[in-house]
1. Which is in contact with a Phe, Trp or Tyr (Cβ under 9 Å, 6 or more places away or on another chain) and assigned to a helix (DSSP H, G or I), of Ala142, Ala135?
2. Could you list all residues from segment 59-83 that are out of contact with any Leu (no Cβ under 9 Å at 6 or more places or on another chain), in contact (Cβ under 8 Å) with a residue 12 or more places away in the chain and in a loop (DSSP other than H, G, I, E, B)?
3. Return the pairs, sorted by first residue and then second, in which the second residue is open to solvent by 10 Å² or more (accessible area, probe 1.4 Å) and among the basic types (Lys, Arg), the first residue lies in segment 241-255 and is at negative phi, the beta carbons are less than 9 Å apart, and the residues are 6+ apart or on different chains.
4. Give the residues of segment 100-120 that are among the small types (Gly, Ala, Ser) and either more than 26 Å from the chain's Cα centre (by Cα) or surrounded by 13 or more Cβ atoms within 10 Å (Cβ to Cβ) (or both), sorted by residue number.
5. Would you mind telling me which numbered condition in (1) touching a residue at least 60 places away in the same chain (Cβ under 8 Å); (2) over 26 Å from Trp70 (Cβ atoms); (3) open to solvent by 50 Å² or more (accessible area, probe 1.4 Å); (4) touching a helix residue (DSSP H, G or I) at 6+ places or on another chain (Cβ under 8 Å) Trp123 fails?
6. Against the conditions (1) touching a Ser or Thr at 6+ places or on another chain (Cβ under 8 Å); (2) of a type in the set (Gly, Ala, Ser); (3) open to solvent by 50 Å² or more (accessible area, probe 1.4 Å); (4) more than 23 Å from Ser247 (Cβ to Cβ), where does Ser177 fall short? Just the number, please.
7. State all residues of segment 180-204 that are open to solvent by less than 30 Å² (accessible area, probe 1.4 Å) and either free of Cβ contacts under 8 Å to residues at least 40 places away in the same chain or within 26 Å of Glu117 (Cβ to Cβ) (or both); if no residue qualifies, say none.
8. Which one of these is closer than 28 Å to Gly265 by Cβ and not hydroxyl-bearing (Ser, Thr, Tyr): Glu141, Glu148?
Amino acid sequence: DIGCGTGILSMCCARGGGARAVTAVDNSRIVDKAKAIVKLNNLTDVINVVDGKAEDLPCEQKYDVIVSEWMGYGLLFECMLDSVIATRDKLLKPDGTMVPSRASLIVSLLSDLPALESRTKFWRNVYGFDMSCMASEMDGEAVVQSVEADKVISTDCGFKHFDLATVKVEELEFSSSFQVEITKPGPLTAVCIHFTCNFDGEEFSACLDTSPRMPDTHWLQTVLYLPNPITVKKGEVVVGSIGYMKSKTNKRGYVLLLCGHTESGQEFDQTYHLN
(Lines give C-alpha, C1' and ligand atoms only; values in the text may rest on other atoms or scores of the structure.)
Protein backbone atom coordinates (compact mmCIF):
# COMPACT_ATOMS: atom_id res chain seq x y z
CA ASP A 1 0.00 0.00 0.00
CA ILE A 2 1.92 3.03 -1.32
CA GLY A 3 1.22 6.28 0.50
CA CYS A 4 -0.90 4.46 3.06
CA GLY A 5 -1.94 7.54 5.05
CA THR A 6 -4.07 6.33 7.95
CA GLY A 7 -3.77 2.76 6.68
CA ILE A 8 -7.41 2.39 5.67
CA LEU A 9 -6.69 0.53 2.42
CA SER A 10 -4.21 -1.77 4.14
CA MET A 11 -6.77 -2.65 6.80
CA CYS A 12 -9.42 -3.34 4.15
CA CYS A 13 -6.97 -5.69 2.41
CA ALA A 14 -6.15 -7.43 5.69
CA ARG A 15 -9.66 -7.76 7.07
CA GLY A 16 -11.85 -8.26 4.00
CA GLY A 17 -9.46 -8.77 1.11
CA GLY A 18 -7.86 -12.00 2.25
CA ALA A 19 -4.29 -10.70 2.24
CA ARG A 20 -1.97 -12.81 4.36
CA ALA A 21 0.62 -10.04 4.64
CA VAL A 22 0.43 -6.29 3.93
CA THR A 23 3.20 -3.71 3.81
CA ALA A 24 1.86 -0.20 4.38
CA VAL A 25 4.32 2.55 3.38
CA ASP A 26 4.24 6.31 3.84
CA ASN A 27 6.96 8.94 3.69
CA SER A 28 5.30 11.42 6.07
CA ARG A 29 4.57 11.63 9.80
CA ILE A 30 1.07 10.24 9.27
CA VAL A 31 2.84 6.90 9.39
CA ASP A 32 2.95 7.18 13.21
CA LYS A 33 -0.84 7.42 13.29
CA ALA A 34 -1.09 4.52 10.85
CA LYS A 35 0.92 2.34 13.22
CA ALA A 36 -1.34 3.30 16.12
CA ILE A 37 -4.52 2.68 14.09
CA VAL A 38 -3.32 -0.75 12.93
CA LYS A 39 -2.55 -1.65 16.55
CA LEU A 40 -5.96 -0.39 17.73
CA ASN A 41 -7.62 -2.71 15.22
CA ASN A 42 -5.52 -5.76 16.19
CA LEU A 43 -3.97 -6.12 12.72
CA THR A 44 -0.27 -5.91 13.57
CA ASP A 45 0.13 -9.61 12.78
CA VAL A 46 -0.85 -8.93 9.15
CA ILE A 47 0.15 -5.32 8.47
CA ASN A 48 3.70 -4.02 8.67
CA VAL A 49 3.76 -0.21 8.60
CA VAL A 50 7.00 1.18 7.14
CA ASP A 51 8.25 4.76 7.41
CA GLY A 52 9.89 5.72 4.09
CA LYS A 53 9.57 5.48 0.33
CA ALA A 54 8.01 2.39 -1.21
CA GLU A 55 10.66 2.26 -3.95
CA ASP A 56 13.33 1.92 -1.24
CA LEU A 57 11.88 -1.31 0.17
CA PRO A 58 14.22 -4.33 -0.16
CA CYS A 59 13.69 -6.20 -3.42
CA GLU A 60 13.82 -9.67 -1.83
CA GLN A 61 10.06 -9.52 -1.11
CA LYS A 62 7.81 -9.51 -4.19
CA TYR A 63 4.13 -8.62 -4.00
CA ASP A 64 0.96 -10.01 -5.59
CA VAL A 65 -0.86 -6.68 -5.46
CA ILE A 66 0.18 -3.02 -5.32
CA VAL A 67 -2.58 -0.65 -4.22
CA SER A 68 -2.31 3.11 -4.02
CA GLU A 69 -4.52 6.17 -3.99
CA TRP A 70 -1.98 8.12 -6.05
CA MET A 71 -4.43 10.26 -8.02
CA GLY A 72 -4.21 14.03 -7.64
CA TYR A 73 -6.02 17.03 -9.07
CA GLY A 74 -6.08 16.76 -12.84
CA LEU A 75 -5.11 13.12 -12.18
CA LEU A 76 -1.34 13.67 -12.07
CA PHE A 77 -0.85 16.52 -9.57
CA GLU A 78 1.54 15.57 -6.73
CA CYS A 79 3.55 13.35 -9.12
CA MET A 80 2.93 10.34 -6.86
CA LEU A 81 2.47 8.00 -9.83
CA ASP A 82 6.24 8.19 -10.42
CA SER A 83 6.81 6.39 -7.11
CA VAL A 84 4.10 3.83 -7.87
CA ILE A 85 5.72 2.98 -11.21
CA ALA A 86 9.19 2.64 -9.66
CA THR A 87 7.80 0.36 -6.95
CA ARG A 88 5.90 -1.72 -9.51
CA ASP A 89 9.04 -2.31 -11.58
CA LYS A 90 11.01 -3.32 -8.50
CA LEU A 91 8.56 -5.25 -6.34
CA LEU A 92 5.51 -6.52 -8.26
CA LYS A 93 5.43 -10.19 -9.25
CA PRO A 94 5.28 -10.84 -13.04
CA ASP A 95 1.63 -11.88 -12.76
CA GLY A 96 0.83 -9.25 -10.11
CA THR A 97 -2.07 -6.80 -10.07
CA MET A 98 -2.10 -3.00 -9.96
CA VAL A 99 -5.00 -1.32 -8.13
CA PRO A 100 -6.32 0.79 -9.78
CA SER A 101 -5.53 -0.86 -13.08
CA ARG A 102 -6.32 1.89 -15.62
CA ALA A 103 -6.82 5.64 -15.71
CA SER A 104 -8.02 8.06 -18.38
CA LEU A 105 -7.94 11.85 -18.72
CA ILE A 106 -11.07 13.37 -20.26
CA VAL A 107 -11.86 16.86 -21.56
CA SER A 108 -15.18 18.72 -21.81
CA LEU A 109 -15.98 22.32 -22.74
CA LEU A 110 -17.84 24.73 -20.45
CA SER A 111 -20.00 27.83 -20.77
CA ASP A 112 -20.11 29.84 -17.54
CA LEU A 113 -19.82 33.54 -18.26
CA PRO A 114 -20.56 34.69 -14.67
CA ALA A 115 -17.70 32.53 -13.37
CA LEU A 116 -15.31 33.92 -15.99
CA GLU A 117 -16.33 37.51 -15.28
CA SER A 118 -16.10 37.07 -11.50
CA ARG A 119 -12.41 36.28 -11.85
CA THR A 120 -11.75 39.84 -13.05
CA LYS A 121 -14.60 41.80 -11.45
CA PHE A 122 -12.98 41.92 -8.00
CA TRP A 123 -9.84 43.61 -9.30
CA ARG A 124 -11.78 46.36 -11.07
CA ASN A 125 -12.83 47.86 -7.74
CA VAL A 126 -10.74 47.03 -4.67
CA TYR A 127 -12.04 49.41 -1.99
CA GLY A 128 -12.49 52.03 -4.70
CA PHE A 129 -9.16 51.43 -6.46
CA ASP A 130 -8.74 50.04 -9.98
CA MET A 131 -6.37 47.05 -9.87
CA SER A 132 -7.59 45.45 -13.12
CA CYS A 133 -4.00 44.86 -14.28
CA MET A 134 -3.85 42.11 -11.63
CA ALA A 135 -6.52 40.10 -13.45
CA SER A 136 -4.06 38.90 -16.08
CA GLU A 137 -2.19 37.00 -13.35
CA MET A 138 -5.20 34.72 -13.01
CA ASP A 139 -5.22 33.69 -16.69
CA GLY A 140 -2.48 31.16 -16.09
CA GLU A 141 -4.07 29.40 -13.11
CA ALA A 142 -5.61 25.95 -13.39
CA VAL A 143 -8.58 26.12 -11.02
CA VAL A 144 -9.73 23.09 -9.02
CA GLN A 145 -13.47 23.47 -8.46
CA SER A 146 -16.84 21.76 -8.63
CA VAL A 147 -18.46 22.19 -12.06
CA GLU A 148 -22.23 22.07 -12.45
CA ALA A 149 -23.36 19.58 -15.09
CA ASP A 150 -25.49 22.15 -16.91
CA LYS A 151 -22.36 24.23 -17.63
CA VAL A 152 -21.01 21.47 -19.92
CA ILE A 153 -21.71 22.32 -23.58
CA SER A 154 -19.86 19.57 -25.46
CA THR A 155 -19.34 15.90 -25.78
CA ASP A 156 -16.51 14.36 -23.75
CA CYS A 157 -13.21 13.19 -25.21
CA GLY A 158 -10.67 10.91 -23.57
CA PHE A 159 -7.31 12.38 -24.53
CA LYS A 160 -4.83 10.26 -22.55
CA HIS A 161 -5.03 6.69 -21.25
CA PHE A 162 -2.75 4.90 -18.80
CA ASP A 163 -2.39 1.15 -18.25
CA LEU A 164 -0.90 0.93 -14.75
CA ALA A 165 0.67 -2.43 -15.54
CA THR A 166 2.86 -1.00 -18.30
CA VAL A 167 2.99 2.82 -18.12
CA LYS A 168 6.49 4.34 -17.88
CA VAL A 169 7.54 7.49 -16.00
CA GLU A 170 8.47 9.27 -19.23
CA GLU A 171 4.87 8.85 -20.43
CA LEU A 172 3.69 11.17 -17.64
CA GLU A 173 4.79 14.15 -19.74
CA PHE A 174 2.89 14.35 -23.01
CA SER A 175 0.77 16.31 -25.46
CA SER A 176 -2.44 14.69 -26.71
CA SER A 177 -5.08 15.85 -29.15
CA PHE A 178 -8.83 16.01 -28.59
CA GLN A 179 -11.97 16.61 -30.63
CA VAL A 180 -15.39 17.41 -29.22
CA GLU A 181 -18.74 18.53 -30.60
CA ILE A 182 -20.74 21.42 -29.18
CA THR A 183 -24.06 20.11 -27.82
CA LYS A 184 -25.65 23.47 -26.98
CA PRO A 185 -24.79 27.01 -28.07
CA GLY A 186 -23.26 29.62 -25.84
CA PRO A 187 -20.07 31.42 -25.06
CA LEU A 188 -17.23 28.92 -24.60
CA THR A 189 -15.48 30.11 -21.44
CA ALA A 190 -13.39 27.22 -20.17
CA VAL A 191 -11.99 23.75 -20.71
CA CYS A 192 -12.72 21.17 -18.03
CA ILE A 193 -10.38 18.25 -17.25
CA HIS A 194 -11.65 15.24 -15.33
CA PHE A 195 -10.65 11.58 -15.12
CA THR A 196 -11.73 8.01 -14.56
CA CYS A 197 -9.92 5.22 -12.73
CA ASN A 198 -10.85 1.60 -13.42
CA PHE A 199 -10.53 -1.30 -11.02
CA ASP A 200 -10.60 -4.44 -13.16
CA GLY A 201 -11.17 -7.84 -11.59
CA GLU A 202 -12.39 -11.26 -12.63
CA GLU A 203 -15.32 -11.23 -10.20
CA PHE A 204 -15.77 -7.51 -9.59
CA SER A 205 -15.02 -4.30 -11.47
CA ALA A 206 -15.59 -0.66 -10.59
CA CYS A 207 -14.96 2.79 -12.01
CA LEU A 208 -14.19 6.03 -10.19
CA ASP A 209 -15.59 8.83 -12.37
CA THR A 210 -14.86 12.50 -11.57
CA SER A 211 -17.03 13.89 -14.39
CA PRO A 212 -19.13 17.03 -13.75
CA ARG A 213 -22.11 14.82 -14.57
CA MET A 214 -21.34 12.60 -11.57
CA PRO A 215 -21.59 13.37 -7.83
CA ASP A 216 -18.67 15.41 -6.52
CA THR A 217 -15.54 13.59 -5.42
CA HIS A 218 -12.47 14.74 -3.47
CA TRP A 219 -10.80 15.57 -6.81
CA LEU A 220 -13.58 17.83 -8.17
CA GLN A 221 -12.64 19.05 -11.69
CA THR A 222 -9.70 21.03 -13.07
CA VAL A 223 -10.86 24.09 -15.03
CA LEU A 224 -8.80 26.07 -17.55
CA TYR A 225 -10.51 29.42 -18.05
CA LEU A 226 -10.02 31.08 -21.43
CA PRO A 227 -8.86 34.74 -21.35
CA ASN A 228 -11.90 35.71 -23.44
CA PRO A 229 -15.16 33.88 -24.27
CA ILE A 230 -15.61 32.33 -27.72
CA THR A 231 -19.00 32.08 -29.42
CA VAL A 232 -19.84 28.51 -30.50
CA LYS A 233 -22.85 26.94 -32.19
CA LYS A 234 -24.55 23.61 -31.61
CA GLY A 235 -22.98 20.92 -33.78
CA GLU A 236 -19.72 22.85 -34.20
CA VAL A 237 -16.53 20.81 -33.82
CA VAL A 238 -13.70 22.02 -31.61
CA VAL A 239 -10.27 20.43 -31.92
CA GLY A 240 -7.16 21.01 -29.87
CA SER A 241 -4.45 19.54 -27.70
CA ILE A 242 -3.57 19.42 -24.02
CA GLY A 243 -0.02 18.99 -22.81
CA TYR A 244 1.17 17.98 -19.35
CA MET A 245 4.70 19.00 -18.37
CA LYS A 246 6.20 18.63 -14.90
CA SER A 247 6.81 21.95 -13.19
CA LYS A 248 10.41 23.04 -12.81
CA THR A 249 9.59 25.14 -9.73
CA ASN A 250 7.15 22.88 -7.85
CA LYS A 251 8.11 19.22 -7.56
CA ARG A 252 4.44 18.25 -7.14
CA GLY A 253 3.05 20.53 -9.84
CA TYR A 254 2.36 20.44 -13.56
CA VAL A 255 2.30 22.98 -16.37
CA LEU A 256 -0.68 22.46 -18.69
CA LEU A 257 -0.45 23.59 -22.31
CA LEU A 258 -3.79 24.18 -24.02
CA CYS A 259 -4.37 25.13 -27.64
CA GLY A 260 -7.14 24.62 -30.14
CA HIS A 261 -9.62 26.15 -32.54
CA THR A 262 -13.28 26.06 -33.39
CA GLU A 263 -14.73 24.99 -36.71
CA SER A 264 -15.32 28.67 -37.50
CA GLY A 265 -11.62 29.43 -37.04
CA GLN A 266 -11.54 31.01 -33.58
CA GLU A 267 -8.36 30.02 -31.75
CA PHE A 268 -7.22 29.67 -28.14
CA ASP A 269 -3.70 29.11 -26.84
CA GLN A 270 -2.81 29.38 -23.14
CA THR A 271 -0.40 27.96 -20.55
CA TYR A 272 -1.66 27.10 -17.06
CA HIS A 273 -0.01 26.15 -13.78
CA LEU A 274 -1.47 23.36 -11.63
CA ASN A 275 0.27 23.94 -8.29
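1. Numbers: Ala142 fails: assigned to a helix (DSSP H, G or I).
None of the other options fit; the residue is Ala135.
2. From segment 59-83, those out of contact with any Leu (no Cβ under 9 Å at 6 or more places or on another chain) are 60, 78, 80, 83; that's our starting set.
Retained after the next criterion (residues that are in contact (Cβ under 8 Å) with a residue 12 or more places away in the chain): 78, 80, 83.
Glu78, Met80, listed by residue number.
3. These pairs meet every condition: Ile242/Lys160; Tyr244/Lys160; Gly253/Lys246; Tyr254/Lys246; Val255/Lys246; Val255/Lys248.
4. Step one: of segment 100-120, the residues among the small types (Gly, Ala, Ser) are 101, 103-104, 108, 111, 115, 118.
Selection gives Ser101, Ala103, Ser104, Ser108, Ser111, Ala115.
5. With (1) touching a residue at least 60 places away in the same chain (Cβ under 8 Å); (2) over 26 Å from Trp70 (Cβ atoms); (3) open to solvent by 50 Å² or more (accessible area, probe 1.4 Å); (4) touching a helix residue (DSSP H, G or I) at 6+ places or on another chain (Cβ under 8 Å) applied to Trp123, the lone miss is (1).
6. Answer for Ser177: the failing condition is (4).
7. Those that are open to solvent by less than 30 Å² (accessible area, probe 1.4 Å) and either free of Cβ contacts under 8 Å to residues at least 40 places away in the same chain or within 26 Å of Glu117 (Cβ to Cβ) (or both): Val180, Ile182, Gly186, Leu188, Thr189, Ala190, Val191, Cys192, Ile193, His194.
8. Values: Glu148 fails: closer than 28 Å to Gly265 by Cβ.
On inspection, the qualifying residue turns out to be Glu141.
The values are calculated or read from the model by the stated rules, or taken from the named source; none is laboratory data. Bear in mind that the values here come from a model prediction, so they are computed numbers and not experimental data. A quick note on method: Cβ atoms are made from the backbone with ideal geometry, for glycine too, and the neighbour counts reach across all protein chains shown. The protein model used for the area step is the full one, side chains on, heavy atoms only, and it has no ligands, DNA or RNA in it. Shrake-Rupley method; radii C 1.70, N 1.55, O 1.52, S 1.80 Å.
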